[in-house]
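Each remark here refers to the structure printed beneath this line.
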Amino acid sequence: MPSLNLTPQQLAEQVNHLFTLPDIALRINSLLKHKSTTQADLEAVIENDPALAAQLLKLVNSSYYGFPQKIDNLARAITIIGHKDLQILIMATAVVKTFKGIPESLVDMNTFWFHSVTCAVIARLLAKQLKITNNERFFIAGLLHSIGKMMFFTQYPAQSTEILKIKERGVKAIQQAEIDTFGFTYAEAGAALLEKWQLPQSIWKMIAHHLQPLDSDGSVEDACLLNVAADMTDKLEPCAKVDLGIEEPDIDFNKPAYRYLQLHTEQTSEIIQDAIFESFEILSILRPEAAQIF
């Protein structure tokens, strides 16, 4: 199949016409760019969307944060989690609702989002384990690391169908098929869209380079961590219509990203034990219909 001779930016422009972030997410992102923004400014915007406010309170009270006392009002929630986490939680709720109309023959969206949420949780747990500061960015990077696949599926379903026919040959074969067909991978496509959505460079660069993390022109550590989180998620295979019994995945600690981060079995075992249940709880809040299939 001949290459379509696209650039990631051209594909992002096509997709942006179809899938734009909800106005409230754009407004919150805009407010958080200004140091003069007050708590009252943020509350006023969020309170205009009662469903979003309810979701935020559920997320803040989830095991993901593990606060000892129930947080029952928006003002306290914003104070406790801080502006960075607020931006990420709003982005998470917005993006999960944004991509619709994906051909069912290509992807089960409930499975896709459970996989994405699990990667998000694992990425942040890894960052905490490795004592990386400002680790909130890893959640949104994990959640959105595969968004480029949605871009391919919506814009080029025929080509995507052909690529998926070789999935039994493994991840590397799929990535090469994407390059042969589109000229770039899903990681580069997703990064271009997130850059267009004005997400921080630290997030979209991490996504752009997570398939080849040691070649990153940003933070190699960030790219390696996302690479490992995605690999652990793939191995864990948290997919729909199966029970949630945890089996220790067979992880190859000799892979470059694992070696770079100097990870070992005890660290990943603890993360896996925590991640699957946290992921299910978060998914039930962000996409309740997905939780009903388990």
Would you mind ranking Arg259, Arg124 so that the residue whose beta carbon has the fewest other beta carbons within 10 Å leads the list? Arg259, Arg124
Suppose we flag GluC sites (Glu not before Pro) only when DSSP calls them loop and at most 12 other Cβ atoms lie within 10 Å. Which is the longest uninterrupted stretch of the chain? 105-246
Quick check: pseudo-label points 7 Å beyond the Cα along Cα→Cβ at Tyr65 and Ile166, how many nm apart are they? 4.6 nm
Can you compute the modelled spin-label distance between Glu104 and Gln39, with each label point 7 Å from Cα toward Cβ, in nm? 4.7 nm
Dipole magnitude of region 20-98, debye to nearest 20 (Cβ charges: Lys/Arg +1, Asp/Glu -1, about Cα centre): 220 debye
Amide H contacts of Tyr65 (H built 1.01 Å from N, under 5 Å, at least 5 apart or other chain): none
At what distance in nm do the modelled label points of Val220 and Asn73 sit from each other, each positioned 7 Å from its Cα along Cα→Cβ? 5.0 nm
Gap in Å between the Cα centre of region 124-171 and the Cα centre of region 22-78? 26 Å
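What's the exposure ranking of Ser160, Ser62, Ser36, going from fewest to most Cβ atoms within 10 Å?
The order, fewest Cβ neighbours first, is Ser36, Ser62, Ser160.
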Net lengthening on full extension, Leu6/Glu266 (0.36 nm per residue, minus Cα-Cα): 89.3 nm
Violating pairs (Cα-Cα greater than 25 angstrom) within the set Lys131/Lys167; Lys235/Lys255; Lys70/Lys100; Lys100/Lys172; Lys128/Lys235: Lys131/Lys167; Lys70/Lys100; Lys100/Lys172
For region 130-217, run through the trypsin sites (Lys or Arg not before Pro) and keep only the ones in DSSP coil with at most 10 other Cβ atoms within 10 Å of their Cβ. Lys131, Lys165
Using a Gaussian network model on the chain with a 10 Å cutoff between Cα atoms, which of Pro256, Pro213, Pro68 fluctuates the most? Pro68
Efficiency by 1/(1 + (r/R0)^6): what FRET value for Ile80 and Gln273, r their Cβ-Cβ distance, R0 = 35 Å, to the nearest 0.05? 0.85
Short version: ³J(HN,Hα) in whole Hz for each residue of region 211-216, in order, from phi by Karplus 6.51 cos²θ - 1.76 cosθ + 1.60 (θ = phi - 60°), x for Gly and Pro, what are they? 6, 10, x, 6, 9, 5
At 222 nm, what value in deg cm²/dmol follows for the chain if DSSP H runs of at least 4 each add -39500 (n - 2.57) and the sum is divided by all its residues, to the nearest 500? -20500 deg cm²/dmol
Please report, in debye to the nearest 20, how large the charge dipole of the chain is about its Cα centre when each Lys and Arg carries +1 at its beta carbon and each Asp and Glu carries -1 there. 540 debye
When Ser105, Ser202 are ordered from fewest to most other Cβ atoms inside 10 Å of their Cβ, what list results? Ser105, Ser202
For region 269-274, take each phi angle, set θ = phi - 60°, evaluate the Karplus expression 6.51 cos²θ - 1.76 cosθ + 1.60, and give the result in whole Hz per residue in order, putting x for glycine and proline. 4, 5, 5, 4, 4, 7
So for the chain, taking the charge dipole from beta-carbon charges (+1 Lys/Arg, -1 Asp/Glu), which of Asn16, His83, Leu42 sits furthest toward the positive end? Leu42
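Just so you know, all these numbers are worked out from the coordinates, no wet-lab data involved. Please read all numbers here as calculations on a predicted model, not as lab measurements. Using ideal geometry, Cβ is built from the backbone for each residue, glycine included, and neighbour counts are taken over all protein chains shown.
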